[in-house]
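Participant: The structure that follows is given in the form of structure tokens.
The values are calculated or read from the model by the stated rules, or taken from the named source; none is laboratory data. Worth saying up front: this structure is predicted, and the values here are computed from it rather than measured. Reconstructed Cβ throughout: ideal geometry from the backbone, glycine too, with neighbour counts over all protein chains shown.
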Amino acid sequence: MFTGTATVCMHLHGIGTLKDKRKIVKSVIGRLKSKFNVSAAEIDRLDNKKVAIIGFAVVSNDHTFTASQLDTIISFIHNDGRFFLGDVKREIVSFEGD
């Protein structure tokens, strides 16, 4: 089993309130969950209206699929257009079965 995790930093310019930020973040997370069936959440800088940190995870039995899925999701986020994508960190961990 392979678990792929990633965090992305989204820079939100022109956002006036936390309510506006949360609207965008909630939309991105909802689209990720719906389109890619991943676990996703805002994990840091919750009270900063200029930056959002989103984390997500993919679980699969295939390393190549896990890596490809992470790349596809990061590209999907990058192409959103409502923010600039900053720092991206990703990791894939293998778990051996009995």
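Participant: Would you point out which residue out of Lys33, Lys49, Lys89 is among the charged types (D, E, K, R) and in a helix (DSSP H, G or I)? Can you show your working first?
Facilitator: On the way: Lys49 fails: in a helix (DSSP H, G or I); Lys89 fails: in a helix (DSSP H, G or I).
That would be Lys33, the only listed residue that is among the charged types (D, E, K, R) and in a helix (DSSP H, G or I).
Participant: State whether the residues of segment 67-75 include one that is over 22 Å from Lys21 (Cα atoms) and hydrophobic (A, V, I, L, M, F, W, C). Write out each step before concluding.
Facilitator: Of all residues in segment 67-75, those over 22 Å from Lys21 (Cα atoms) come to 67-72.
Still in the running and hydrophobic (A, V, I, L, M, F, W, C): 67, 70.
Yes, because at least one residue in segment 67-75 is over 22 Å from Lys21 (Cα atoms) and hydrophobic (A, V, I, L, M, F, W, C).
Participant: Looking at (1) in contact (Cβ under 8 Å) with a residue 60 or more places away in the chain; (2) buried (at least 16 other Cβ atoms within 10 Å of the Cβ), which is the one condition that is false for Thr3?
Facilitator: The failed condition is (2).
Participant: Another question about this same structure. Report, by residue number, each residue of segment 16-42 that is exposed (fewer than 15 other Cβ atoms within 10 Å of the Cβ) and under 20 Å from Gln69 (Cα atoms).
Facilitator: Of everything in segment 16-42, those that are exposed (fewer than 15 other Cβ atoms within 10 Å of the Cβ) and under 20 Å from Gln69 (Cα atoms) turn out to be Ser27, Gly30, Arg31, Lys33, Ser34, Lys35, Asn37, Ser39, Ala41.
Participant: Still on this model: Would you pick out the residues in segment 51-61 that are at pLDDT 95 or above and of a type outside the set (A, V, I, L, M)?
Facilitator: Gly55, Phe56
Participant: What are the residue pairs meeting all of these: first residue in segment 55-73, first residue buried (at least 21 other Cβ atoms within 10 Å of the Cβ), second residue among the basic types (Lys, Arg), Cβ atoms under 8 Å, and 6 or more apart or on different chains?
Facilitator: Once the first residue is buried (at least 21 other Cβ atoms within 10 Å of the Cβ) and sits in segment 55-73, its partners that are among the basic types (Lys, Arg) give Leu70/Arg90.
Participant: Now a separate question. Limited to segment 85-98, what total is found for residues that are exposed (fewer than 13 other Cβ atoms within 10 Å of the Cβ) and within 14 Å of the chain's Cα centre (by Cα)?
Facilitator: Step one: of segment 85-98, the residues exposed (fewer than 13 other Cβ atoms within 10 Å of the Cβ) are 86-87, 89, 91, 93-98.
Right, trim to within 14 Å of the chain's Cα centre (by Cα) and you get 86-87, 89, 91.
Of the residues in that region, 4 qualify.
Participant: In segment 6-15, which residues are β-branched (Val, Ile, Thr), crowded, with 18+ Cβ neighbours inside 10 Å and assigned to a strand (DSSP E or B)? If you could, list the steps in order and put the result at the bottom.
Facilitator: To start, the set of residues in segment 6-15 that are β-branched (Val, Ile, Thr) comprises 7-8, 15.
If we keep only those that are crowded, with 18+ Cβ neighbours inside 10 Å as well, we get 8, 15.
Within segment 6-15, Val8 is the sole residue that qualifies.
Participant: Shifting gears a bit: Within segment 76-89, identify whether any single residue is touching a helix residue (DSSP H, G or I) at 6+ places or on another chain (Cβ under 6 Å) and more than 23 Å from Gly14 (Cα to Cα), and answer yes or no.
Facilitator: Scanning segment 76-89 turns up no residue that is touching a helix residue (DSSP H, G or I) at 6+ places or on another chain (Cβ under 6 Å) and more than 23 Å from Gly14 (Cα to Cα).
Participant: From Leu70, Leu85, which residue is touching a strand residue (DSSP E or B) at 6+ places or on another chain (Cβ under 8 Å) and within 25 Å of Met1 (Cα to Cα)?
Facilitator: On inspection, the qualifying residue turns out to be Leu70.
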